Structures are given as structure tokens and as C-alpha cells.
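To start, the structure itself, in C-alpha cells.
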Amino acid sequence: MNGKPAKPATTVVAGDEVRARVHDTTRILEVTRVIQKRVGAADAATCFIDRTPAPPPEAAVPVARRERGAGRPTKRERRVLDRFRSGER
């Protein structure tokens, strides 16, 4: 909270910046108003501004596709796919 470690029971005031690690993403939230009792998610979302930067675009990796219903690849097709995945020619 505001660049310092905080315990779960730390009180917040309007204007505080809260950083929270959620899965692999660090969320940055600015508190705009404090509520005294539990409310629904839609009401709670009006109490902060999300300043989390947009995630970087993921690199598109070509994926080998088979026709639907073509069944399991043959041994020769698996070798070709393995060579393609490893970058060999």
C-alpha cells in the first residue's frame, strides 16, 4: 500500500494506491472512496480506479492444424510435426 508492505487489516483512505499480486499479474488500484459495510461487486467497483497497465501482446506461435475427423496422425506425420515444432527443416 503506497509502496510499503501492509497487513490485510490495514485501513485505507481515499487517495491510497494499493498494489496486489493476483496470479501472475500485479494489479494497481487507487482508492476513490471508502465504504463502511459490505456491498455488491458492482457497487464496490465504483470505489476504486484500476491503474493496472495493459498486458503485453502475446507472440503468435503458428500451430499445426489437421482436418476435423482426420484421426490420429501417422508415424510419418508425427515425425514431420516434430521437425516443424523443433524448428528443423
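The values are calculated or read from the model by the stated rules, or taken from the named source; none is laboratory data. This structure is a prediction, so every number in the text was calculated from the model and none was measured. Here the Cβ positions follow ideal geometry from the backbone for every residue, glycine too, while neighbour counts run over all protein chains shown. Keep in mind that these areas ignore ligands, DNA and RNA; they rest on the heavy atoms of the full protein, side chains included. Shrake-Rupley method; radii C 1.70, N 1.55, O 1.52, S 1.80 Å.
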Open item on the list: Charges at C-beta only: +1 for Lys and Arg, -1 for Asp and Glu. How large is the resulting dipole of segment 1-54 about its Cα centre, in Debye rounded to 20?
Closed with: 200
Task: √(5λ) per eigenvalue of the Cα gyration tensor, the chain, largest first, Å - done: 50, 16, 11
TODO: Grab the DSSP H runs of the chain that are 4 residues or longer, score each as -39,500 (n - 2.57), total them, divide by all residues and round the 222 nm result to the nearest 500 deg cm²/dmol.
DONE: -5000 deg cm²/dmol
- [ ] Work out the FRET efficiency for R85 and T25 from their Cβ-Cβ distance, taking R0 = 30 Å, and round it to the nearest 0.05.
- [x] 0.55
Open item on the list: Quick check: the angle from helix 75-86's long axis to the longest principal axis of the chain, C-alpha only, nearest 10 degrees?
Closed with: 50
- [ ] Would you tell me the accessible area of D24, worked out with a 1.4 angstrom probe on the heavy atoms of the protein chains, in Å² to the nearest 10?
- [x] 130
Open item on the list: So with the 1.4 Å probe, I'd like the accessible area per residue for the chain, rounded to whole Å².
Closed with: 94
TODO: Could you look at the chain and say what percent of its accessible area is carbon and sulfur, using a 1.4 Å probe and all protein chains?
DONE: 53
